Amino acid sequence: EQTLERLLSRQRRVAIIASVPEVGRDVPRVLALENWSRSPTRFVPSYQGFIERQARTLGVLESVARRFGVPVIYPHQPLCTEKACDILREGEPVYTDGHHLSVHGTAALASSLGQLVASVRTQTSGGTTEPPIRSATSKLQ
């Protein structure tokens with residue numbers, strides 16, 4: 001909170017980035033082994049498991065975001081459905097290991113980041129658009 005207070009007192013634009021879903025296994029290795037053994041991808045991280053592990057953190061981030069009027073970017077929203085989190089998109093791994101996004105995983109966040117940047121630009125150009133503050137389990141409109 002002190003960091004946010006300092007940044008905002010200096011008229012800095014701030015956004016909070018929540019946790020990337022951790023999958024707990026080395027994704028490229030899992031995919032390589034599955035490819036080598038010619039078995040389909042069976043490893044699918046649970047969305048519900050991620051939400052349960054992150055419940056406290058997500059709650060704190062939402063509370064702080066409301067208090068300071070700053071947006072939160074939720075990387076899990078474009079990476080997960082209501083049942084599972086992707087480890088593969090368009091044939092490419094979303095992770096470089098068990099919890100770091102690959103270039104393809106980062107590209108999946110582009111839409112969320114683009115909407116946030118657009119809202120910040122509107123604010124700084126004199127518009128009245130508020131930052132997109134939403135809950136961790138809502139989808140970005």
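Inside region 70-107, can you point out the residues that are modelled with pLDDT of 90 or more, open to solvent by 40 Å² or more (accessible area, probe 1.4 Å) and of a type in the set (G, A, S)?
none
Hey, among R10, R38, R29, which residue is free of Cβ contacts under 8 Å to residues at least 24 places away in the same chain, out of contact with any Phe, Trp or Tyr (no Cβ under 6 Å at 6 or more places or on another chain) and closer than 20 Å to V103 by Cα?
Working: R10 fails: closer than 20 Å to V103 by Cα; R38 fails: closer than 20 Å to V103 by Cα.
The unique qualifying residue is R29.
Does L31 satisfy being in a helix (DSSP H, G or I), more than 18 Å from the chain's Cα centre (by Cα) and either surrounded by 15 or more Cβ atoms within 10 Å (Cβ to Cβ) or hydrophobic (A, V, I, L, M, F, W, C) (or both)? Talk me through it step by step, then tell me what you get.
On the way: in a helix (DSSP H, G or I): yes; more than 18 Å from the chain's Cα centre (by Cα): yes; either surrounded by 15 or more Cβ atoms within 10 Å (Cβ to Cβ) or hydrophobic (A, V, I, L, M, F, W, C) (or both): yes.
Judged against the criteria, L31 is a match.
Is there a residue in region 15-22 that is touching a Phe, Trp or Tyr at 6+ places or on another chain (Cβ under 6 Å), assigned to a strand (DSSP E or B) and of a type in the set (A, V, I, L, M, F, W, C)? Quick ask: steps written out before the conclusion?
Of region 15-22, the ones touching a Phe, Trp or Tyr at 6+ places or on another chain (Cβ under 6 Å) are 18, 21.
From what's left, assigned to a strand (DSSP E or B): none.
Checked against the condition, which is being touching a Phe, Trp or Tyr at 6+ places or on another chain (Cβ under 6 Å), assigned to a strand (DSSP E or B) and of a type in the set (A, V, I, L, M, F, W, C), region 15-22 yields no hits at all.
Only residues that are modelled with pLDDT under 80 and small (G, A, S): list them for region 25-46, please.
Selection gives S39 alone.
Within region 48-69, identify whether any single residue is in a loop (DSSP other than H, G, I, E, B) and open to solvent by less than 20 Å² (accessible area, probe 1.4 Å), and answer yes or no. Outline the logic, then answer.
Step one: of region 48-69, the residues in a loop (DSSP other than H, G, I, E, B) are 69.
Retained after the next criterion (residues that are open to solvent by less than 20 Å² (accessible area, probe 1.4 Å)): none.
No, region 48-69 contains no residue that is in a loop (DSSP other than H, G, I, E, B) and open to solvent by less than 20 Å² (accessible area, probe 1.4 Å).
Quick check, is F43 over 17 Å from the mean Cα position of the chain (by Cα), open to solvent by less than 90 Å² (accessible area, probe 1.4 Å) and among the aromatic types (F, W, Y)? Reasoning before the result, please.
On the way: over 17 Å from the mean Cα position of the chain (by Cα): yes; open to solvent by less than 90 Å² (accessible area, probe 1.4 Å): yes; among the aromatic types (F, W, Y): yes.
It is true that F43 is over 17 Å from the mean Cα position of the chain (by Cα), open to solvent by less than 90 Å² (accessible area, probe 1.4 Å) and among the aromatic types (F, W, Y).
Determine whether R38 is open to solvent by 60 Å² or more (accessible area, probe 1.4 Å), over 25 Å from G114 (Cβ atoms) and not in a strand (DSSP E or B).
Details: open to solvent by 60 Å² or more (accessible area, probe 1.4 Å): yes; over 25 Å from G114 (Cβ atoms): yes; not in a strand (DSSP E or B): yes.
Considered against the rule, which asks whether it is open to solvent by 60 Å² or more (accessible area, probe 1.4 Å), over 25 Å from G114 (Cβ atoms) and not in a strand (DSSP E or B), R38 comes out as yes.
The values are calculated or read from the model by the stated rules, or taken from the named source; none is laboratory data. These figures come from a predicted structure and were not determined experimentally. Because the Cβ atoms are built from the backbone with ideal geometry, glycine has one as well, and the counts that use them run over all protein chains shown. Accessible surface areas use protein heavy atoms only, side chains included; no ligands, DNA or RNA. Shrake-Rupley method; radii C 1.70, N 1.55, O 1.52, S 1.80 Å.
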